[in-house]
Amino acid sequence: MKDYYMVFLRIISIMPLTILFTIFVMGKRPIGEMPVFDFLIIITMGSVVGADIADPSIHHLPTAFAVIVLALFQNLVSRLTLKYRGFGRFISFEPTLIMENGRFIVKNIRDIKYSIDEILMMLREKDVFHFKEVKYAIIESNGKLSVLKKSEVKPLTPKDMAIAGEEEEIPSVVILEGRLDKKSIAKLNMTEDHVITMAKQQSYRISDIFLANYSPKTGLTISPYRGEEPPINIEH
């Protein structure tokens, strides 16, 4: 019973301190908006406190001291980050340009270790189902995607203009990383030769294509491995 009593006392003594300094570190930001360094501080603080609560043999005061030091260390780093931009770039991930003018920048996607499925999902979350609509797409330092659509993609809807609009279909991926997606092609009631012919009409071999979508309305939309334009400078 002594151990249980000690665990209870540790919880009610260390948790208010942890909550106070977690708010001190995070402010009003949700976890998903935190820079990598701040996230690591929170993880470390949680590990220290968890070990202290679960193991009565660990001395309690050093744990409280560790929580305070971690919070003060984060505050110091935050001040240095605000004062010295180079230092901030050193300890955090840089924004990475992954699309430009409707084309995927394959090297950058691989450098940040994202899969094409993750990128497509994030684009859909931004209401982008046709990648050719994208002027720039950037993975921010917190891992989220920012998208700037091309100017010709109008924000007005048929409802705004009091006209009837056509229902739009979600395009299917028919070529992925230089290979034909046979299941998607079969679902579209198309043949592989038809897809190969459409790619050749745009002067591409299948092995040259990183991603290609097909829809009856827009046809075959291709993003090749090569031919990306020089990335823009997106440093802070």
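Bear in mind these aren't lab numbers, they're just calculated from the coordinates by the rules spelled out. Since we're looking at a predicted model, the values are computed, not measured. Quick reminder, even Gly has a Cβ in these numbers, built from the backbone with ideal geometry, and neighbours come from all protein chains shown.
The table below lists the values:
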| quantity | calculated |
| --- | --- |
| Karplus-derived HN-Hα couplings along segment 127-139 (A = 6.51, B = -1.76, C = 1.60, θ = phi - 60°), whole Hz, x at Gly and Pro | 6, 10, 10, 10, 5, 5, 6, 8, 7, 9, 10, 10, 7 |
| Residue 189 versus residue 118: modelled label distance in nm, points set 7 Å from Cα along the beta carbon direction | 3.8 |
| Flagged links, alpha-carbon separation over 18 Å, of 126/149; 132/217; 126/150; 135/182 | 135/182 |
| Over segment 93-143: Rg over Rh, Cα atoms, Kirkwood Rh | 0.92 |
| Estimated FRET transfer efficiency (residue 66, residue 5; beta-carbon r; R0 35 Å; 0.05) | 0.95 |
